[in-house]
1. Please go through segment 1-37 and give me each residue that is assigned to a loop (DSSP other than H, G, I, E, B) and more than 17 Å from PRO49 (Cα to Cα), ordered by number.
2. Residue by residue through segment 12-38, note down the ones that are open to solvent by 40 Å² or more (accessible area, probe 1.4 Å) and in contact with a helix residue (DSSP H, G or I) (Cβ under 9 Å, 6 or more places away or on another chain).
3. Conditions first: (1) in a loop (DSSP other than H, G, I, E, B); (2) aliphatic (A, V, I, L, M); (3) closer than 25 Å to HIS89 by Cβ. MET194 passes all but one, so which condition is the exception?
4. Can you find a residue that is open to solvent by less than 20 Å² (accessible area, probe 1.4 Å) and modelled with pLDDT under 80 anywhere in segment 107-117?
5. So which residues in segment 167-204 are open to solvent by 70 Å² or more (accessible area, probe 1.4 Å) and not acidic (Asp, Glu)?
6. For segment 81-116, how many residues are without any contact (Cβ under 8 Å) to a residue 60 or more places away in the chain, of a type in the set (D, E, K, R) and part of a helix (DSSP H, G or I)?
7. Within segment 177-201, how many residues are over 12 Å from LEU158 (Cβ atoms) and free of Cβ contacts under 8 Å to residues at least 12 places away in the same chain?
8. Would you please name the residue that is farthest from THR19 (Cα to Cα), looking only at residues in segment 49-80 that are assigned to a strand (DSSP E or B) and either of a type in the set (D, E, K, R) or open to solvent by 10 Å² or more (accessible area, probe 1.4 Å) (or both)?
Amino acid sequence: MTTSILILNDLPVIREGLTAILDRAEDVNVVSSGPSSFNVRELVQRLQPDILMLDLQILGSIFQIANDAKESKPGLKIILTSSLPLPEHRRQAERVGAKGLVSSFDDVQTLVDSIKEVQGGNVFFPANQDSRTMVTKQREGVNNRMEHPLSPREVDVLCCVAQAMTAKEIARDLHISVKTVDRHKANIMNKLSMRSQIELARYAIRNGFVEA
């Protein structure tokens, strides 16, 4: 069964690139693509796409565009695209009502997989895996560059804290309990003589655990 896609992206190169990629994919049909200035209500009503692929950094109100699209076709699924793989984008995607999120750092197969998963009734938010990979790379880099009193797992938690992740999100990403996350944070604060997560985040950025 073919999945029809409507792409809204204000960057012509990205928009045309997505269209070219998806035109080569099996069981995927891009019915139209254009900037966010297009009348999304009219487009969705006329074309009846299965999925709206909407850029997170569009010039207009992403919430208004998403609402207009879903009002034009109840049951329309939305996948957000982003130029940055930041963890907070997942939270924004969920607030918009999107069922998936892919970034420019993902490969072509990930993009195609996101469509298949969302069309199949599932959600596709690979940001957690991306953040675990990013944390691992940061930890390995830091351990090779500087001396610090933290254990490898404490470095993992510190990197997550610096990315504004909640205790529940850290626990899910690192496959540990929230109570264990809280214990690690307490140990980190004690070792570094700090009293708040803001101080921990500043320390992590200042010392190269994560990028600002």
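1. Selection gives ASP10, LEU11, SER37.
2. Correct list: ILE21, ARG24, GLU26, ASP27, ASN29, VAL31, SER33.
3. Here MET194 clears every test but (3).
4. Looking through segment 107-117, none of the residues is open to solvent by less than 20 Å² (accessible area, probe 1.4 Å) and modelled with pLDDT under 80.
5. Those that are open to solvent by 70 Å² or more (accessible area, probe 1.4 Å) and not acidic (Asp, Glu): LYS168, ARG172, HIS175, LYS179, ARG183, ASN190, LYS191, SER193, ARG195, GLN197, ILE198, ARG202.
6. So the count comes out to 5.
7. Counting residues in segment 177-201 that are over 12 Å from LEU158 (Cβ atoms) and free of Cβ contacts under 8 Å to residues at least 12 places away in the same chain gives 11.
8. Going through the qualifying residues, I end up with LYS77.
The values are calculated or read from the model by the stated rules, or taken from the named source; none is laboratory data. Computed from a prediction, not measured in an experiment: that's the story for all the values here. Ideal geometry is used to build each Cβ from the backbone, glycine not excepted, and the neighbour counts take in all protein chains shown. With ligands, DNA and RNA removed, areas are computed over all heavy atoms of the protein, side chains included. Shrake-Rupley method; radii C 1.70, N 1.55, O 1.52, S 1.80 Å.
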